[in-house]
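Here's the structure we're looking at; comments come further down.
The values are calculated or read from the model by the stated rules, or taken from the named source; none is laboratory data. This structure is a prediction, so every number in the text was calculated from the model and none was measured. Positions of Cβ are generated from backbone atoms using ideal geometry, with glycine treated the same way; all protein chains shown enter the neighbour counts. Note: accessible area is taken over every heavy atom of the protein model, side chains too, but ligands, DNA and RNA are not part of it. Shrake-Rupley method; radii C 1.70, N 1.55, O 1.52, S 1.80 Å.
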Amino acid sequence: MEFCGDRARLRRKALVLPALSIGNAGQLAVDLLISTYGMPRVGFLDDPHVLPCVGNDPFGPEPRGELAVAMELYVDSASDITVLQQRSPLVKGSTLKFAENLADWAKSEGFENVVVLSGLDSGKRHLLHNAGPQVYYQTSASEDGKDELCERLGWLDVKQSGQHTEPFEFSVLRDAMDGRVGEHDQDYLSRLPVTALFTSFKKRGLKVLSVLCYCAEGDNIPDATFLASACDKFFHSCNGMSYRSWINHANYLHIYAGKECKNWRIPLSWSTVYGAPPDLSIY
C-alpha cells in the first residue's frame with residue numbers, strides 16, 4: 001500500500017475508517033463526518049486490491065472539478081484524528097490481503113488507535129434484538145473485550161449481537177474466502193470485511209474498536225446518520241465538551257476540542273444518490 005500526499009499533516013492518535021459491508025453504512029457515516037466537520041483532504045492511498053474509481057468533488061458545497069478517487073485521507077486541524085474514506089470495493093477474494101496491507105501501513109505511520117465503522121446484516125438479527133436501533137461494539141483494548149466508555153454510552157458488546165462471535169482466526173477467514181465454510185461459520189460472512197480489519201490491526205498491536213449497527217440494503221441514510229452519531233458521541237466525553245479516545249487503564253486521552261454534533265451536513269454527492277428525478281412529461 002502506497003501513500004501519496006502531505007505526511008506531515010496526518011494525525012496519528014486515531015484512524016477512523018469504514019469496512020465495506022451491507023448497506024455501505026460505514027462509508028456513508030464517514031462521508032457525514034468529513035462533510036460536517038469540513039475536514040480537508042491530505043492524501044491518497046493506493047492498493048492493488050482496491051478497484052479504481054474516479055468522480056467529482058463529493059462534498060461541495062459546489063462541484064469544483066476536483067477529482068475524488070478510491071481511497072482518500074482527511075484530517076481536522078483541531079484534532080488528532082485521521083479519517084480514511086474508501087469509495088470502491090475490493091477485488092474478489094482479496095479482503096484479508098487488503099486488511100493486512102492497511103494494517104501494515106497504519107502501523108508504519110505510527111497510528112495508536114483505529115475505529116472501524118460498519119453494518120451488520122439485519123437479516124441475521126435474532127428476535128431478541130428487534131427492539132429498535134442499537135449500537136454494538138468490539139474492542140481489542142481490554143482482555144475481556146469490554147470498554148467502559150462504550151458501556152456508558154449504552155452500546156452492547158458484539159457478543160450480544162446474536163451473531164457468531166468467537167475469536168476470529170485467519171484460517172477461518174481464508175477458508176471463508178475460498179468457499180470452505182462450515183455450517184457454524186456462516187455468520188462470519190456478513191461481517192467478513194470488518195472481521196479481517198479488526199484481526200489485522202489487533203495482530204499488529206494497535207487498539208481497534210469496531211462500531212456496528214444492523215441495516216439492510218436500500219435507503220441507508222438513516223443508518224449512516226445513526227452510525228455517525230454513535231461515532232461522534234464516542235469521541236466526546238459524557239458532558240459533550242471534548243472529544244476523547246477510548247480507555248487506557250481508565251484514563252481518557254484528549255484528542256479533539258468542540259461540541260458534539262447535532263446537525264449533520266449532507267454531502268453534495270448525496271443529492272444524486274438515487275439518480276435524476278423522472279421526466280414528468282411522461283405522465
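The combined condition, being open to solvent by 30 Å² or more (accessible area, probe 1.4 Å) and within 13 Å of L17 (Cα to Cα), is not fulfilled by R64. Before we move on, is G23 outside any loop (DSSP other than H, G, I, E, B) and at pLDDT 95 or above? It is false that G23 is outside any loop (DSSP other than H, G, I, E, B) and at pLDDT 95 or above. Restrict the check to the range 10-23 and report whether at least one residue is basic (K, R), surrounded by fewer than 21 Cβ atoms within 10 Å (Cβ to Cβ) and over 24 Å from D104 (Cα atoms). The answer is no, given that none of the residues of the range 10-23 is basic (K, R), surrounded by fewer than 21 Cβ atoms within 10 Å (Cβ to Cβ) and over 24 Å from D104 (Cα atoms). Of the set (1) open to solvent by 10 Å² or more (accessible area, probe 1.4 Å); (2) in contact with a Ser or Thr (Cβ under 6 Å, 6 or more places away or on another chain); (3) modelled with pLDDT of 50 or more; (4) outside any strand (DSSP E or B), all apply to Y214 but (4). Of all residues in the range 199-240, those that are over 15 Å from T139 (Cα atoms) and of a type in the set (S, T, N, Q) total 5. When the residues of the range 255-275 are filtered to those that are assigned to a loop (DSSP other than H, G, I, E, B) and open to solvent by less than 90 Å² (accessible area, probe 1.4 Å), the one that is modelled with the lowest pLDDT is G258. Can you pull out the residues in the range 26-66 that are in contact with a strand residue (DSSP E or B) (Cβ under 7 Å, 6 or more places away or on another chain) and β-branched (V, I, T)? Matches in the range 26-66: V30, I34, V42, V50, V54. Taken over the range 67-78, the criterion of being within 18 Å of Y37 (Cα to Cα), open to solvent by 50 Å² or more (accessible area, probe 1.4 Å) and in contact with a strand residue (DSSP E or B) (Cβ under 9 Å, 6 or more places away or on another chain) is satisfied by A78 alone.
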